[in-house]
Amino acid sequence: MEKNTPLIEIKNLSRWYRDNPAKLFEKLNLSLDVNDFFVLTGKSGAGKTTLVKFITGKLTPPEKTIFYNRQDMATFTSEDIQILRKRLGIIFQDYQLLEDLSVRENIIYPLELYELGETVIESKLKQVLQKVNIKHFLDTPVKLLSAWEKQRVSLARALIHDPEFIIADEPTGNLDRENTQVVADILIEANKSGNTIFLITHDIHLLNYLKAKHPIKLYVIK
(Lines give C-alpha, C1' and ligand atoms only; values in the text may rest on other atoms or scores of the structure.)
Protein backbone atom coordinates (compact mmCIF):
# COMPACT_ATOMS: atom_id res chain seq x y z
CA MET A 1 0.00 0.00 0.00
CA GLU A 2 1.02 3.61 -0.59
CA LYS A 3 1.90 6.12 2.09
CA ASN A 4 -0.96 8.21 3.52
CA THR A 5 -3.29 5.24 3.09
CA PRO A 6 -5.24 4.53 6.31
CA LEU A 7 -4.20 1.25 7.90
CA ILE A 8 -6.10 1.68 11.18
CA GLU A 9 -8.88 4.23 11.61
CA ILE A 10 -10.62 4.84 14.92
CA LYS A 11 -13.86 6.83 14.89
CA ASN A 12 -15.74 8.03 17.96
CA LEU A 13 -14.58 5.13 20.13
CA SER A 14 -15.60 5.30 23.79
CA ARG A 15 -14.68 2.84 26.53
CA TRP A 16 -15.82 2.61 30.14
CA TYR A 17 -14.19 0.90 33.08
CA ARG A 18 -16.01 -2.32 33.89
CA ASP A 19 -18.52 -1.76 36.73
CA ASN A 20 -17.56 1.92 36.85
CA PRO A 21 -19.21 4.91 35.17
CA ALA A 22 -15.84 6.61 34.59
CA LYS A 23 -14.57 6.49 31.01
CA LEU A 24 -11.15 5.40 29.83
CA PHE A 25 -11.64 7.55 26.74
CA GLU A 26 -14.58 9.19 25.01
CA LYS A 27 -15.16 9.65 21.27
CA LEU A 28 -11.54 8.83 20.44
CA ASN A 29 -10.56 9.57 16.84
CA LEU A 30 -7.20 8.79 15.27
CA SER A 31 -5.74 7.42 12.06
CA LEU A 32 -2.66 5.25 11.58
CA ASP A 33 -1.49 5.55 7.99
CA VAL A 34 0.87 3.27 6.08
CA ASN A 35 4.52 4.02 7.02
CA ASP A 36 3.54 6.26 9.94
CA PHE A 37 5.62 6.33 13.10
CA PHE A 38 2.63 6.85 15.38
CA VAL A 39 3.18 7.49 19.09
CA LEU A 40 0.30 7.18 21.53
CA THR A 41 0.94 8.57 24.99
CA GLY A 42 -0.98 9.56 28.09
CA LYS A 43 -1.00 8.99 31.81
CA SER A 44 -1.30 5.51 33.32
CA GLY A 45 -4.88 4.27 33.23
CA ALA A 46 -5.77 6.40 30.20
CA GLY A 47 -6.66 3.33 28.14
CA LYS A 48 -3.55 2.83 26.00
CA THR A 49 -3.31 -0.92 26.55
CA THR A 50 -7.08 -1.30 26.11
CA LEU A 51 -6.70 0.32 22.71
CA VAL A 52 -4.01 -2.21 21.78
CA LYS A 53 -6.42 -5.01 22.72
CA PHE A 54 -9.00 -3.58 20.33
CA ILE A 55 -6.50 -3.26 17.49
CA THR A 56 -5.16 -6.79 17.93
CA GLY A 57 -8.62 -8.34 18.17
CA LYS A 58 -8.47 -9.30 21.84
CA LEU A 59 -11.47 -7.06 22.42
CA THR A 60 -14.32 -6.64 19.94
CA PRO A 61 -15.04 -2.97 19.28
CA PRO A 62 -18.51 -1.48 18.78
CA GLU A 63 -19.65 -1.38 15.18
CA LYS A 64 -18.20 1.31 12.93
CA THR A 65 -15.57 2.47 15.41
CA ILE A 66 -12.34 0.68 14.41
CA PHE A 67 -11.41 -0.07 10.81
CA TYR A 68 -8.46 -2.11 9.54
CA ASN A 69 -7.76 -1.54 5.83
CA ARG A 70 -11.18 0.14 5.75
CA GLN A 71 -12.89 -3.01 7.07
CA ASP A 72 -15.02 -2.76 10.20
CA MET A 73 -13.25 -4.84 12.86
CA ALA A 74 -16.55 -5.39 14.68
CA THR A 75 -17.46 -7.78 11.85
CA PHE A 76 -14.22 -9.79 11.96
CA THR A 77 -14.49 -13.55 12.39
CA SER A 78 -11.94 -15.52 14.42
CA GLU A 79 -10.27 -16.41 11.10
CA ASP A 80 -10.06 -12.72 10.17
CA ILE A 81 -8.42 -12.00 13.53
CA GLN A 82 -5.82 -14.73 12.96
CA ILE A 83 -5.00 -13.28 9.54
CA LEU A 84 -4.63 -9.84 11.10
CA ARG A 85 -2.28 -11.11 13.81
CA LYS A 86 -0.04 -12.75 11.22
CA ARG A 87 0.45 -9.29 9.75
CA LEU A 88 1.48 -7.79 13.09
CA GLY A 89 4.75 -7.65 14.93
CA ILE A 90 4.13 -7.06 18.64
CA ILE A 91 6.69 -5.93 21.21
CA PHE A 92 5.57 -6.22 24.82
CA GLN A 93 6.95 -4.57 27.94
CA ASP A 94 6.99 -7.98 29.63
CA TYR A 95 8.47 -9.64 26.50
CA GLN A 96 6.11 -12.68 26.45
CA LEU A 97 8.92 -14.98 25.36
CA LEU A 98 9.12 -18.75 25.80
CA GLU A 99 11.53 -18.87 28.71
CA ASP A 100 12.77 -22.45 28.30
CA LEU A 101 13.55 -22.06 24.59
CA SER A 102 16.72 -20.53 23.18
CA VAL A 103 16.95 -17.06 21.71
CA ARG A 104 17.05 -18.53 18.20
CA GLU A 105 13.96 -20.68 18.84
CA ASN A 106 12.02 -17.69 20.17
CA ILE A 107 12.90 -15.45 17.23
CA ILE A 108 11.99 -17.95 14.50
CA TYR A 109 8.84 -19.16 16.28
CA PRO A 110 6.46 -17.00 14.17
CA LEU A 111 8.00 -18.35 10.97
CA GLU A 112 7.59 -21.94 12.12
CA LEU A 113 3.91 -21.24 12.76
CA TYR A 114 3.63 -20.27 9.09
CA GLU A 115 5.42 -23.52 8.15
CA LEU A 116 8.11 -21.78 6.13
CA GLY A 117 11.04 -23.88 4.96
CA GLU A 118 14.38 -23.98 6.76
CA THR A 119 16.14 -22.04 3.98
CA VAL A 120 13.63 -19.17 4.19
CA ILE A 121 13.79 -19.15 7.99
CA GLU A 122 17.58 -18.97 8.05
CA SER A 123 17.58 -16.19 5.46
CA LYS A 124 15.11 -14.11 7.47
CA LEU A 125 16.99 -14.80 10.69
CA LYS A 126 20.20 -13.54 9.10
CA GLN A 127 18.43 -10.36 7.98
CA VAL A 128 16.95 -9.60 11.38
CA LEU A 129 20.26 -10.24 13.15
CA GLN A 130 21.75 -7.42 11.10
CA LYS A 131 19.17 -5.09 12.67
CA VAL A 132 19.30 -6.38 16.25
CA ASN A 133 22.70 -7.27 17.69
CA ILE A 134 22.15 -10.60 19.46
CA LYS A 135 24.31 -13.03 17.49
CA HIS A 136 26.53 -13.74 20.49
CA PHE A 137 23.75 -15.32 22.58
CA LEU A 138 21.54 -17.00 19.95
CA ASP A 139 21.76 -20.41 21.61
CA THR A 140 21.26 -19.16 25.18
CA PRO A 141 17.99 -20.06 26.96
CA VAL A 142 15.87 -16.94 27.31
CA LYS A 143 15.45 -17.48 31.06
CA LEU A 144 19.17 -16.69 31.52
CA LEU A 145 19.01 -13.30 29.82
CA SER A 146 18.87 -9.80 31.31
CA ALA A 147 15.84 -7.55 30.82
CA TRP A 148 17.63 -5.66 28.04
CA GLU A 149 18.66 -8.86 26.26
CA LYS A 150 15.07 -10.16 26.44
CA GLN A 151 13.79 -6.94 24.89
CA ARG A 152 16.25 -7.35 22.01
CA VAL A 153 14.91 -10.85 21.42
CA SER A 154 11.37 -9.47 21.50
CA LEU A 155 12.34 -6.85 18.91
CA ALA A 156 13.90 -9.46 16.63
CA ARG A 157 10.85 -11.72 16.91
CA ALA A 158 8.55 -8.83 15.98
CA LEU A 159 10.62 -7.88 12.94
CA ILE A 160 11.49 -11.27 11.48
CA HIS A 161 8.34 -11.90 9.43
CA ASP A 162 8.26 -8.45 7.76
CA PRO A 163 5.01 -7.42 9.46
CA GLU A 164 2.57 -4.98 7.93
CA PHE A 165 2.88 -2.93 11.06
CA ILE A 166 4.57 -3.15 14.44
CA ILE A 167 2.87 -2.50 17.76
CA ALA A 168 5.30 -1.65 20.55
CA ASP A 169 3.45 -1.54 23.88
CA GLU A 170 5.60 0.24 26.50
CA PRO A 171 8.77 -1.44 25.13
CA THR A 172 11.18 0.57 27.30
CA GLY A 173 9.42 0.34 30.65
CA ASN A 174 12.10 -1.94 32.12
CA LEU A 175 15.14 -0.32 30.46
CA ASP A 176 17.67 2.35 31.37
CA ARG A 177 18.16 5.50 29.30
CA GLU A 178 20.94 4.13 27.10
CA ASN A 179 19.05 0.99 26.12
CA THR A 180 15.84 2.99 25.67
CA GLN A 181 17.63 4.96 22.97
CA VAL A 182 18.82 1.76 21.30
CA VAL A 183 15.23 0.48 21.14
CA ALA A 184 14.18 3.82 19.65
CA ASP A 185 16.92 3.62 17.02
CA ILE A 186 15.88 0.10 16.01
CA LEU A 187 12.25 1.21 15.62
CA ILE A 188 13.31 4.28 13.64
CA GLU A 189 15.34 2.12 11.24
CA ALA A 190 12.39 -0.27 10.87
CA ASN A 191 10.18 2.68 9.99
CA LYS A 192 12.71 3.96 7.45
CA SER A 193 12.71 0.47 5.91
CA GLY A 194 8.95 0.62 5.39
CA ASN A 195 7.44 -0.75 8.59
CA THR A 196 4.49 1.15 10.04
CA ILE A 197 5.05 1.72 13.77
CA PHE A 198 2.41 2.08 16.47
CA LEU A 199 4.23 2.89 19.72
CA ILE A 200 2.47 3.17 23.07
CA THR A 201 4.49 4.82 25.81
CA HIS A 202 4.46 7.17 28.77
CA ASP A 203 8.28 7.33 28.77
CA ILE A 204 9.06 11.06 28.44
CA HIS A 205 12.73 10.42 27.69
CA LEU A 206 11.82 8.07 24.84
CA LEU A 207 9.30 10.56 23.50
CA ASN A 208 11.78 13.45 23.55
CA TYR A 209 14.47 11.32 21.92
CA LEU A 210 12.12 10.31 19.10
CA LYS A 211 11.01 13.91 18.53
CA ALA A 212 14.63 14.95 18.12
CA LYS A 213 15.61 12.07 15.84
CA HIS A 214 12.70 11.23 13.56
CA PRO A 215 9.33 12.51 12.28
CA ILE A 216 6.51 11.08 14.39
CA LYS A 217 2.75 11.47 14.59
CA LEU A 218 1.86 12.07 18.24
CA TYR A 219 -1.49 11.53 19.92
CA VAL A 220 -2.09 12.16 23.64
CA ILE A 221 -4.98 10.40 25.39
CA LYS A 222 -6.17 12.75 28.14
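Some observations on this one:
- Members of region 187-218 that are assigned to a loop (DSSP other than H, G, I, E, B), of a type outside the set (S, T, N, Q), at pLDDT below 95 and closer than 19 Å to residue 131 by Cα: 194
- Conditions (1) at pLDDT 90 or above; (2) in the same structural domain as residue 12 (by TED's automatic domain parsing); (3) within 24 Å of residue 69 (Cβ to Cβ); number of the one not met by residue 221: (1)
- Scanning region 158-186 for residues that are closer than 24 Å to residue 47 by Cα, touching a helix residue (DSSP H, G or I) at 6+ places or on another chain (Cβ under 8 Å) and not in a loop (DSSP other than H, G, I, E, B) turns up 166, 167, 168, 169, 180, 183, 184.
- Condition met for residue 150 (more than 20 Å from the chain's Cα centre (by Cα) and not assigned by TED's automatic domain parsing to the domain that holds residue 201): no
- Test: residue in region 101-115 that is within 16 Å of the chain's Cα centre (by Cα), in a loop (DSSP other than H, G, I, E, B) and modelled with pLDDT under 95: no
- Scanning region 127-145 for residues being under 14 Å from residue 189 (Cα atoms) and surrounded by 13 or more Cβ atoms within 10 Å (Cβ to Cβ) gives a total of 4.
- Sub-7 Å Cβ pairs linking a first residue in region 190-216 that is closer than 17 Å to residue 180 by Cβ to a second residue that is among the hydrophobic types (A, V, I, L, M, F, W, C) and assigned to a loop (DSSP other than H, G, I, E, B), at least 6 apart or interchain, are 210/216, ordered by first then second residue.
- Options 32, 59, 97; residue that is in a loop (DSSP other than H, G, I, E, B), hydrophobic (A, V, I, L, M, F, W, C) and surrounded by 18 or more Cβ atoms within 10 Å (Cβ to Cβ): 97
- Per-region count, region 146-162, residues at pLDDT 90 or above and either buried (at least 19 other Cβ atoms within 10 Å of the Cβ) or within 18 Å of residue 195 (Cβ to Cβ) (or both): 11
- Near pairs, Cβ below 8 angstrom, 6+ apart or cross-chain, from region 77-95 (in contact (Cβ under 8 Å) with a residue 40 or more places away in the chain and within 14 Å of residue 110 (Cβ to Cβ)) to any residue that is aromatic (Phe, Trp, Tyr) and loosely packed, with under 12 Cβ neighbours inside 10 Å: 86/114
- Looking only at residues of region 116-136 that are of a type in the set (Val, Ile, Thr) and within 20 Å of the chain's Cα centre (by Cα), we find that the one that is farthest from residue 168 (Cα to Cα) is 134.
The values are calculated or read from the model by the stated rules, or taken from the named source; none is laboratory data. Just so you know, these numbers come straight off a predicted model, no measurement behind them. Counting neighbours? That spans all protein chains shown, and the Cβs are built from the backbone with ideal geometry, glycine included.
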